[in-house]
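J.: Here it is, the structure in full.
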Amino acid sequence: MRPFDGRRILLGVTGGIASYKSAWLARLLTQAGAQVDVILTRSAREFIGSVTFEALTGRPVHSVLIGDGHALDHIRLAREADLMVVAPATADFLARAAHGHADELLSATLLAVTCPVLMVPAMNDKMWTNAQVQSNCAALRAQGRVVLDPGVGPLASPDEGAGQGRMQEPETIVAHCGRLLEPPGKLRGKRVLVTAGPTREPLDPVRYLSNHSTGKMGVALAEAAWRRGAEVVVVHGPLAVRVPDGACAKPVETAQDMAEAVASEIGDVDVLVMAAAPADFRPAKVASAKIKKSGKVPQVELEETPDILKSTASKRKQGMIAVGFALETDDLRENAQKKLTAKQLQLIVANSAREAGAGFGYDTNRVSILSAAGTTEELPLLPKREVADAILDRIEALL
Ligand code: CTP
């Protein structure tokens, strides 16, 4: 099952140089299972041809508002859409959309849709900061449209350098489409704090103790929680994967840093999912200079790091859901049950470090979910994306 199977997306393309990226966007949306209907404005056709979109979506491309056989295209397209995306949205299109123009197919269709609308502006940075453009975006937002801020980076004109005006990348736009297509659930508007990845505990300026965590499970959880409409903060150690779009990333290095970052966020958090693998031990002394070979093997004394999850217990707001993980080599259920109680959790996700295809570094995981209410559920081996959704389903049931 693909994420957008059975969903119908209307993709409007207006006349900006970023429209070359809209072809890739159409491809990604189609690959994700959506039926994509493309509307090109007249000026978009100066930049990119309809044949490109027809080939990528397997559907006819629409451009004409008034003409034989097209009289009600805008009404039909609007009625059938689950989501409308305009990417790129030029300054001119934003102005016309903000003021309700309906003299060509795309803006007429925009007036007729009842589904969510995502606008993805792209323009020169001076144009983006222009007061009229900003006021048009504010008007569109007030009308309930979602308007993404453009990215910062090199702009089309070679002598312009970097600025804010680049169209968001197609992968980012797809993530926003997923969020807008998600049916409303209990995580919408909730504040979710996810921790992810390992920590690094320095021994000297060039060495550290760490573990094999890559952060994939935590990142999958953050991605799924954001898609479900939550405001997501990810406190993470060094990751092997990218922090998902939409989540606010707080990078840290040591377990102590992670403890401080979690403590500063925890006050108004509705859900804490502690998927990180912070080091349990750190060198008791950190050498200020590189430890050199001296003929004698150095003895490293270790001390315990703070138990981050346990230390949040007294700072959690009323009704907050706390979820921990337990990675065990032996006595999985018993150990997980002990941690559930000791850390005062609502749920604990237990997995075995001995099982092939599950745990650190894999894209899949096999977990059991134990609850404070005394239930235990065993899930099959699943992609981490699906494990994340299963965990969030249990969390939503508790909210
Ligand atoms: N955890 C934490 N702070 C630590 C270590 C772990 O908050 N210093 C969290 C983990 O993120 C996980 C849960 O506590 O959600 C259980 O982690 P785990 O390493 O399995 O358990 P420990 O409590 O560290 O116990 P042990 O290592 O002895 O099994």
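The values are calculated or read from the model by the stated rules, or taken from the named source; none is laboratory data. As the structure is a computational prediction, the values presented were derived from the model and not from experiment. For neighbour counting, all protein chains shown are included, and Cβ atoms are generated from backbone atoms with ideal geometry for every residue, glycine included. Side chains included, ligands, DNA and RNA excluded: accessible areas come from the protein's heavy atoms. Shrake-Rupley method; radii C 1.70, N 1.55, O 1.52, S 1.80 Å.
J.: Being open to solvent by 80 Å² or more (accessible area, probe 1.4 Å) and part of a loop (DSSP other than H, G, I, E, B) is the filter here, so list the residues in segment 365-380 that pass it. Step through it out loud before you land on a result.
T.: Of segment 365-380, the ones open to solvent by 80 Å² or more (accessible area, probe 1.4 Å) are 366, 373, 378.
Across segment 365-380, the qualifying residues are Arg366, Ala373.
J.: Going through Thr329, Thr305 one at a time, which residue ends up being within 12 Å of the ligand (Cβ to nearest atom), on the phi < 0 side of the Ramachandran plot and either among the charged types (D, E, K, R) or in contact with a helix residue (DSSP H, G or I) (Cβ under 9 Å, 6 or more places away or on another chain) (or both)?
T.: Working: Thr329 fails: either among the charged types (D, E, K, R) or in contact with a helix residue (DSSP H, G or I) (Cβ under 9 Å, 6 or more places away or on another chain) (or both).
The conditions single out Thr305.
J.: Also: Quick check: anything in segment 310-321 surrounded by 17 or more Cβ atoms within 10 Å (Cβ to Cβ) and within 12 Å of the ligand (Cβ to nearest atom)?
T.: Among the residues of segment 310-321, at least one is surrounded by 17 or more Cβ atoms within 10 Å (Cβ to Cβ) and within 12 Å of the ligand (Cβ to nearest atom), which makes the answer yes.
J.: Determine which single condition Glu303 fails, assuming it passes every other condition in (1) outside any strand (DSSP E or B); (2) open to solvent by 60 Å² or more (accessible area, probe 1.4 Å); (3) farther than 29 Å from Val232 by Cβ; (4) not basic (Lys, Arg).
T.: Exception for Glu303: condition (1).
J.: Looking at segment 128-184, which of the residues that are at pLDDT below 95 and among the aliphatic types (A, V, I, L, M) is most open to solvent (accessible area, probe 1.4 Å)?
T.: If we take residues in segment 128-184 being at pLDDT below 95 and among the aliphatic types (A, V, I, L, M), then Val152 is most open to solvent (accessible area, probe 1.4 Å).
J.: Assigned by TED's automatic domain parsing to the domain that holds Pro154, touching a helix residue (DSSP H, G or I) at 6+ places or on another chain (Cβ under 9 Å), buried (at least 23 other Cβ atoms within 10 Å of the Cβ) and among the small types (Gly, Ala, Ser): which single residue out of Ala102, Ala81, Ala91 fits that description?
T.: Ala81
J.: Picking from Val174, Val152, which residue would you name as being under 19 Å from the mean Cα position of the chain (by Cα) and in a strand (DSSP E or B)? Write out each step before concluding.
T.: Numbers: Val174 fails: in a strand (DSSP E or B).
Answer to the selection: Val152.
J.: Go through segment 278-299 and report how many residues are within 23 Å of His236 (Cα to Cα), assigned to a loop (DSSP other than H, G, I, E, B) and open to solvent by less than 90 Å² (accessible area, probe 1.4 Å).
T.: 4
J.: Also, I was wondering about something else. Looking at Ala388, Ala358, which is the one that is touching a strand residue (DSSP E or B) at 6+ places or on another chain (Cβ under 7 Å), open to solvent by less than 80 Å² (accessible area, probe 1.4 Å), touching a residue at least 12 places away in the same chain (Cβ under 8 Å) and within 15 Å of the ligand (Cβ to nearest atom)? Outline the logic, then answer.
T.: Working: Ala388 fails: touching a strand residue (DSSP E or B) at 6+ places or on another chain (Cβ under 7 Å).
After applying the criteria, what remains is Ala358.
J.: Follow-up. Six or more apart or on different chains, Cβ atoms under 7 Å: show the pairs whose first residue is in segment 268-282 and more than 10 Å from the ligand (Cβ to nearest atom) and whose second is part of a strand (DSSP E or B) and open to solvent by 30 Å² or more (accessible area, probe 1.4 Å).
T.: From residues that are more than 10 Å from the ligand (Cβ to nearest atom), the pairs are Asp268/Arg191; Val269/Arg191; Asp270/Arg191.
J.: In a strand (DSSP E or B) and either more than 8 Å from the ligand (Cβ to nearest atom) or touching a residue at least 12 places away in the same chain (Cβ under 8 Å) (or both): is that true of Gly324 in this structure?
T.: Answer is yes for this residue.
J.: Being small (Gly, Ala, Ser), part of a strand (DSSP E or B) and within 16 Å of the chain's Cα centre (by Cα), is that true of even one residue in segment 177-186?
T.: No, the conditions are met nowhere in segment 177-186.
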